[in-house]
Amino acid sequence: MVEGITFDKKSLKTVCGETADFNELAKDCVAFANAKGGKIYIGIENNMEHPPVNQKIDDNLLQQIPVRISQLTVNTSVIAQKCIDANGAEYIDLTIHQSVATISGTTNGRYFIRIGDQSVPLHPDQLLRLLNDKPSYNWETRATKVHRNNYDIDKFKTFIADIRSSKRVSQFVKEKSEDELLDYYLFTEGDYLTNLGVLWIGKRNDRAKIKYAPAIQFIKYDERGNKVNKIIWDDYELNPKELIEAVWTQVPDWKEGLEISGGLFREFIPNYGERTIRELITNAIVHRPYTTAGDIFINLYPNRLEIHNPGGLPIGVTSQNILHESKRRNEQLCKVAYDLILMEKEGSGYDVIYEELLTNGKPIPVIEERDDRVVVTISKLITKPEIVNLIKSVSANYSLSQKERIAFGLIAQNQSLTTIELNKILDLKGNNPTRLWIDRLIGEKLVLSRGKTRGTEYYINPQIIRDFNFKKQPNLKVIEPHRLKELIYEDLSIYPHSSISQINARIGTEISRYKIREQLKTLISQGRVINEGERAGTRYSCKK
C-alpha cells in the first residue's frame, strides 16, 4: 500500500523503548480521524514493504497503544490488532475511525488533518470550516420519514437499469435484487429512504422537503452586464442525473463556437466543451455541502463562463492542488455518480477539464474560493488558435496520455516553461515530479530542454512544428542564450545606462527578466559590459 490520505507506516520504535513517541502517533491519529479515517501499520519502516524478518509483537502493546492514544487525544477512536506478514514477521494494524460528527484533537489543544501523506495542523479558520462541514458528512445517509417503497417508480426503474448496464459496476453488484441495490447504495435505512435515496429516486414533493436540495440557475449577460436569458431548475422535479442532462441539453449557448482552419478542412471548436460542462456541473452537485443554503449559479458572460457553487472547498483541497488532492464531502453521492459514469474517477475530474481546454487552445480554469462559495471561471477565448491543430495532431500520432497532453498543451501555449514554472502550474512536488508528465515527451523528442535541475527550460521541438506544418508566430521567448547575449549587447550599444526593465521592454517583454539578468552577468564577466548603481538603480552600458 502507498502512504497517503488513509494509510501510513511507522517503525516499531515509535511505540517501543527510549525512542517511543506517542505524541507523534497521537497527532497522526487525530489527522486521520478528521479526514477519512485510515490505518497505520506499526512495525514497517517508511521505505520498506514488509516488516523485518523474525519481528515479534508484544501482546501488551495491543492494549497499551489504544490506552495511550485515548489519554493523549479527544474524540479519537482506534483499534490495534496483530497481523502476520507474508514473510512471517508480525506487525500492528492500527485502525483509526473517522470522526464523523465531532472534531478530533489532542489533549494539549492541537488539531490536525491528513492531506496527501502528511498530517498538517488546522488553522483557526480551517477549524471553523471543518466544524461547519461535519454535519454534511453524514447528511446523505440520514434516514427521512419517507417509506422505502414510496419512491418515484420511473426514477427507480431508470436507476436500476443504469446500474445494471454500467461498465463500472461489478457483476456481483449487478446481480443483487432491487431491494439489495437500494441498501447497497445507502438509499435506505431500515424501512425508510435516506436523504440520498430521496434525492435520487424520491418523488418531487419529498425531494422539495429535503433541506437545501440542489437548485440551478443559468443566467446569460450581454456586454453591458444586462441579463438577456435565464433558465431555472428549482422545482425539485429532477434528480442529480436528470439535472446534469437538463443543463447540457436545454442551454442553447453550449452549441456555439467557431471554426478554425485545419488543412483541407475546418474544425469546429465549441466555446465550452461538453466534457468540461458536464464535469463542472457534476462536481457542483456532488461536492457541495448539503447543509449549506444556496443555489448553483451558471453565469455566462460574452467572454467567459462562471460556475458558482455554495460552500467552500473541502479542507485540504485548494485551487493550487485541485489536480491532485481529492476529498469527498458526500462519499455515497460521489460513488453513485461515478458508477453511473456521470463523473471521472476520484481526483481526475479536473484533469479532464485541463485536457479539453488546452487541446482547444484555451487557458486552464481559474478557481477562486470566496467567503461563501467556490467560483470556477472558464475563458471563451482561444488564446492561440494556431496551436490547436499542432496539439491534436501530435496527440493522435503519438498516443499521448492525459498528463502528457496537458503538459504539451501548457508548453505550446506558453512557448516555453521552466521546471519551476511547470511545477507551480501543476502543483507538482517530490522527487522528479514531472516524470509522468514530461519524460516521454522528451524521449520522443516532441519537447526539447536546455539547462539543468530546476532551471531546466522546456520548449516544443522546432522539427515537430515543421513536420506538422504548424504556422508558428515569431517569438523571442525561446531565443538561444548566445543570440540573446548579442541582442542585449547590441541594445546597450545604442541605449547605454539602461536598467534591466528598459532592456526587457525594448528587446521583447516575452523574454523572462531572469534570462536577461543571466546574460548580463556573462557579458560583465567577459568585460564587455559594465554596471553602475545598486539593486533597482543598477544601470548597464557597453564597456568602451
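Determine the gain in length on full extension of the stretch Asp253-Asp222; use 0.36 nm per residue of separation and subtract their C-alpha separation, reporting nm with one decimal.
Once the chain is fully extended between Asp253 and Asp222, it gains 9.9 nm.
Would you mind getting the accessible area per residue of the chain, heavy atoms of the protein chains only, 1.4 Å probe, in Å²? Write down the numbers at each step before the final one.
On the way: 26830 Å² over 544 residues.
On a per-residue basis, the chain sits at 49 Å².
If packing is taken as the average number of other Cβ atoms within 10 Å across a peptide's residues, how do 400-410, 18-28 rank, most packed first?
Those peptides, ordered most packed to least, come out 400-410, 18-28.
In the chain, what percent of the accessible surface is made up of carbon and sulfur (1.4 Å probe, ligands and nucleic acids excluded)? Could you put the intermediate results ahead of the total?
Working: 13040 of 26830 Å².
Roughly 49 percent, rounded to a whole number.
Can you give me the C-alpha center-to-center distance between the range 1-23 and the range 249-311, rounded to a whole angstrom?
45
Roughly how many whole Å is it from the C-alpha centroid of the range 443-461 to that of the range 89-161?
Here the answer is 44 Å between Cα centres.
Kindly rank 282-292, 174-184 from highest to lowest mean number of other beta carbons found within 10 Å of each residue.
On the way: 282-292: 21.9, 174-184: 14.1.
Sorting 282-292, 174-184 by mean packing, highest first, produces 282-292, 174-184.
Cα convex hull of the chain: how many Å³ per residue? Before the final figure, lay out each step's value.
Numbers: hull volume 125.7 nm³, N = 544.
Cα convex hull per residue, to the nearest whole number: 231 Å³.
Label Thr158 and Glu180 with points 7 Å out from Cα along Cα→Cβ: what is the distance between them in nm?
2.6
Kirkwood Rh, the range 262-374, all Cα pairs: how many Å? Before the final figure, lay out the partial values.
On the way: mean 1/r = 0.0659 Å⁻¹.
The Cα-based Kirkwood calculation yields 15.2 Å.
Can you run phi through the Karplus equation (6.51, -1.76, 1.60; θ = phi - 60°) for the range 480-493 and list ³J(HN,Hα) in whole Hz, with x for Gly and Pro?
With the stated coefficients, the range 480-493 comes to 5, x, 5, 6, 5, 4, 5, 5, 5, 4, 5, 5, 6, 5 Hz.
Nothing charged except the Cβ atoms of Lys and Arg (+1) and of Asp and Glu (-1): what's the magnitude of the dipole of the range 98-174 about its Cα centre? Round to the nearest 20 debye.
Numbers: 13 positive and 7 negative charges, 70 e Å.
About 340 debye.
Under a point spin-label approximation (7 Å from Cα along Cα-to-Cβ), what is the Ile79-Asn432 distance to one decimal in nm?
4.0
Could the peptides 219-230, 515-526, 382-393 be put in order, highest first, of the mean number of other beta-carbon atoms found within 10 Å of their residues?
Working: 219-230: 11.1, 515-526: 16.0, 382-393: 18.9.
Ranked from most to least packed, the peptides come out as 382-393, 515-526, 219-230.
Return the sequence-ordered ³J(HN,Hα) values of the range 139-150 in whole Hz as given by the Karplus equation 6.51 cos²θ - 1.76 cosθ + 1.60 applied to θ = phi - 60°, using x for Gly and Pro.
4, 5, 9, 6, 6, 9, 9, 8, 5, 5, 8, 9
How many nm is it between the label spots at Arg450 and Ala293, if each spot is 7 Å from the Cα in line with the beta carbon?
Modelled inter-label distance: 6.1 nm.
Between their Cα atoms, which of Lys174/Lys209; Lys485/Lys544; Lys211/Lys241; Lys36/Lys155; Lys424/Lys485; Lys36/Lys167 are more than 25 Å away from each other? Display every interim value, and only then the final one.
Numbers: Lys174/Lys209 31 Å; Lys485/Lys544 17 Å; Lys211/Lys241 19 Å; Lys36/Lys155 31 Å; Lys424/Lys485 28 Å; Lys36/Lys167 27 Å.
Going by Cα-Cα distance, Lys174/Lys209; Lys36/Lys155; Lys424/Lys485; Lys36/Lys167 fall outside the 25 Å limit.
Taking 0.36 nm per residue of separation and subtracting the Cα-Cα distance, what length does fully extending Glu18 through Arg304 add?
Working: separation 286, 0.36 × 286 = 102.96 nm, distance 6.08 nm.
Going from the current span to full extension adds 96.9 nm.
May I ask you to derive the FRET efficiency for Val67 and Val120 from their Cβ-Cβ distance with R0 = 30 Å, giving the value to the nearest 0.05? If you can, show how the numbers build up before the last one.
On the way: r = 26 Å, r/R0 = 0.88.
Taking R0 as 30 Å, the efficiency between Val67 and Val120 is 0.70.
Could you compute the FRET efficiency for Arg535 and Thr383, with r as their C-beta to C-beta distance and R0 at 51 Å, rounded to 0.05?
Working: r = 35 Å, r/R0 = 0.68.
After rounding, the FRET efficiency stands at 0.90.
For the chain, calculate the relative contact order in percent as a whole number, restricting contacts to Cα pairs under 8 Å that are 6 or more residues apart.
Taking the mean separation of contacting Cα pairs over the length of the chain, I get 8 percent.
The values are calculated or read from the model by the stated rules, or taken from the named source; none is laboratory data. Because the structure is a prediction, the values reported are computed rather than measured. Heads up, the Cβs are rebuilt from the backbone with ideal geometry, glycines too, and the neighbour counts pull from every protein chain shown. Remember, those area values only see protein heavy atoms, side chains included, never the ligands or the DNA or RNA. Shrake-Rupley method; radii C 1.70, N 1.55, O 1.52, S 1.80 Å.
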